1. Looking only at residues in region 82-117 that are of a type in the set (S, T, N, Q) and surrounded by fewer than 19 Cβ atoms within 10 Å (Cβ to Cβ), which one is farthest from residue 145 (Cα to Cα)?
2. Taking region 128-151, which residues are touching a Leu at 6+ places or on another chain (Cβ under 8 Å) and open to solvent by less than 50 Å² (accessible area, probe 1.4 Å)?
3. It is to be established whether one or more residues within region 127-143 are modelled with pLDDT of 95 or more and assigned to a loop (DSSP other than H, G, I, E, B).
4. Out of the residues in region 82-99 that are under 21 Å from residue 140 (Cα atoms), not in a loop (DSSP other than H, G, I, E, B) and not β-branched (Val, Ile, Thr), which is farthest from the chain's Cα centre (by Cα)?
5. Just name the residue that is modelled with the lowest pLDDT out of those in region 40-67 that are open to solvent by 70 Å² or more (accessible area, probe 1.4 Å) and in contact with a Phe, Trp or Tyr (Cβ under 9 Å, 6 or more places away or on another chain).
6. Considering each of 31, 37, 79 in turn, give the residue that is surrounded by 14 or more Cβ atoms within 10 Å (Cβ to Cβ), modelled with pLDDT of 90 or more, more than 11 Å from the chain's Cα centre (by Cα) and not in a loop (DSSP other than H, G, I, E, B).
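The values are calculated or read from the model by the stated rules, or taken from the named source; none is laboratory data. Just so you know, these numbers come straight off a predicted model, no measurement behind them. Here the Cβ is made from the backbone with ideal geometry for all residues, glycine too, and neighbour counts use every protein chain on show. What goes into the accessible areas is simple: the full protein's heavy atoms, side chains included, and nothing from ligands, DNA or RNA. Shrake-Rupley method; radii C 1.70, N 1.55, O 1.52, S 1.80 Å.
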Amino acid sequence: MTHNPVSSSLLHGSLAARFEWLRGALGGLLGLAFAAGVSHWLIGDSRALPWLIAPMGASTVLLFAVPASPFSQPWPVLGSHVIAGATALLLLGRVSDPALAVGLAVALSMAAMSLLGCLHPPAGGTAALVIMADPELTAAGWQLLAMPIALNAVLLIFAAVVFHRLTG
């Protein structure tokens, strides 16, 4: 059995370290609820546009559980989701095989994120989501980048920055 430093510190560390997961989870709850609520208020109950995209759940984990990670900084979070969404939109309708289209969207997004210094793993989900989305959603085209993709990312980053400043 291998040594897991995270679970070891939770079991044998200080009382504060044992409850750090609780602070992250509370932040994630508040942050994602804030981002979802404001996005829902701005976008509404549109059938054409969702008010929250699933990859924001994974971004929430990074932003609130490991805020010091290079993957959890504002530019990687925002830049990566926008780049991944744009890359997928550029590929829509140009690659007929859906499996190849998803693979290309994620791979090209990874390359672009790496070149632009904004690698954020959950954005791979954004690229895949756009490629696999219902045609009714992809009919919104480039509007997807602003709402919900960039909007969700900006609100989540804002919530994380405020939460971490308030809680140290």
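1. Per the criteria, the residue is 96.
2. Result: 130, 131, 137, 138, 140, 141, 144, 145, 148, 150, 151.
3. No, that holds for no residue.
4. My answer is 98.
5. The residue in question is 45.
6. 31
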